[in-house]
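Working notes, structure below.
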Ligand SMILES: [Zn+2]
């Protein structure tokens, strides 16, 4: 089923690529979600030329000979953005095998493995992602291959190696201590402000777009307490100061309140997970305008792994530790008006399920329009790409998705994306009427 669908979309993207670059396309649907105001307008009309939006709304002038794409009882939205993915990994059916495989697969093999994951992410409507942590600059290579048009996938902002303290959450080599094969420290490992500054420079030198830093323990590693801080204030200050001097953003992984507060005080641009943050941390975020990327679906995904017996026992305990307050913290952050950007941690669950995050945000109290804004305007602002993306306005890149019905009435419509355009190229257009919500 999926194979047939992928083949269909491949044929479509090939034919779209073959189209004249100057061809004008007009996308028509019953509605359009205006990410700027959070309102839905009727009817939805987007005029696209040379990969950009040139007109929006029923009054937009339509040149003669334009190709009209009728999308029916659907809503047009800006391409979704996921501010937290791991396109270079995916859990298999057996965690023991995953661990051993991770040491036996060569870098080229790991790189090729990412191709279907990148494709399925784009087909789910995510035209831009931020990849927060990948070894060996695989995400940089994947980003470049997609940008050059030789691989189908979302536009990527790559962090490459996550910065970690020795033995910390993102020191993947040191974390596998169960008698299995272990490699040396991960390339992003450094201790002390000066060494961390050097890591930031090195990471940017080899092509990263931004810096990811692991400020506390985490769920999916085998070492350390999940809430324990793993960098000092001086270390985090150095990371942020160095990255910002290069005009690059910093995303901090944190669960515990102390590590989160050190990261927020240091001035990170976004705080990822934040499952055990206290009120002081949330107030600090609100005051400093730090973006919160809750990755709510990550924990559902990991829970599914645990239920299937596909999560090591140590990690099940860590999952339980963060799950105690996770939902409460998200609910409180939303109620307090902390700025939320959409991110999932895709890669700790199978790729392509990113849109399942929307319903969890709404369930935690975010109005549907705000959940959609989190994945469009807000994410664009966090990623620093607001000039090109995030809304459907003349002059912006033509990243457009369509979902059946009205997502403000049923947020789960976002899980039924049936049309995907990226920079004017149609990558997916299911012609059969969209089926009811897929039970996955
Ligand atoms: Zn992550």
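Each value in this text was obtained by applying a stated rule to the coordinates, not by laboratory testing. Remember, predicted model here, so these are calculated numbers, not experimental data. FYI the Cβ positions are ideal-geometry reconstructions off the backbone, even for glycines, and counts take in every protein chain you see.
Structural remarks
- The gain in end-to-end length when the residue 194 to residue 70 segment is fully stretched comes to 38.9 nm, 0.36 nm per residue minus the alpha carbon separation.
- Model label sites at residue 241 and residue 286, defined 7 Å from Cα along the beta-carbon direction, differ in position by 3.0 nm.
- Sites residue 206 and residue 102 - FRET efficiency at Förster radius 25 Å, r taken between beta-carbons, to 0.05: 0.75
- Over the chain: helical MRE at 222 nm, DSSP H runs n ≥ 4 each giving -39500 (n - 2.57), nearest 500: -10500 deg cm²/dmol
- Tail beyond 22 Å, pair distance distribution of region 305-440 (Cα, percent): 49 percent
- Extents of region 255-330, taken as max minus min of Cα coordinates on every principal axis and listed largest first, are 41, 20, 19 Å.
- Placing R0 at 25 angstrom, the Cβ-Cβ distance between residue 303 and residue 370 gives a FRET efficiency of 0.50 after rounding to 0.05.
- Acute angle (nearest 10 degrees) that the helix 95-104 long axis makes with the longest principal axis of the chain, alpha-carbon atoms: 90 degrees
- Look at the alpha carbon pairs under 8 Å that are at least 6 residues apart: their mean separation over the length of region 80-383 gives a relative contact order of 19 percent.
- Dividing the alpha-carbon radius of gyration of region 80-383 by the rule-of-thumb value 2.2 N^0.38 Å gives 0.90.
- Counting DSSP beta bridges with both ends in region 18-118, the antiparallel % (nearest 5): 70 percent
- Overall form of region 190-330 per C-alpha gyration tensor (a/c, 1.5; a/b vs b/c): prolate
- Beta bridges per DSSP with both ends in the chain, % antiparallel, nearest 5: 45 percent
- Spin-label model distance (nm) - residue 350 vs residue 95, 7 Å beyond Cα toward Cβ: 1.9 nm
- Extending 7 Å from Cα along the Cβ direction at residue 109 and again at residue 363 yields two label points whose distance is 3.7 nm.
- Between 0 and 90°, nearest 10: helix 2-18 axis offset from the chain longest Cα axis: 60 degrees
- With Cα atoms, 0 to 90° folded angle of helix 138-147 axis to the chain main axis: 10 degrees
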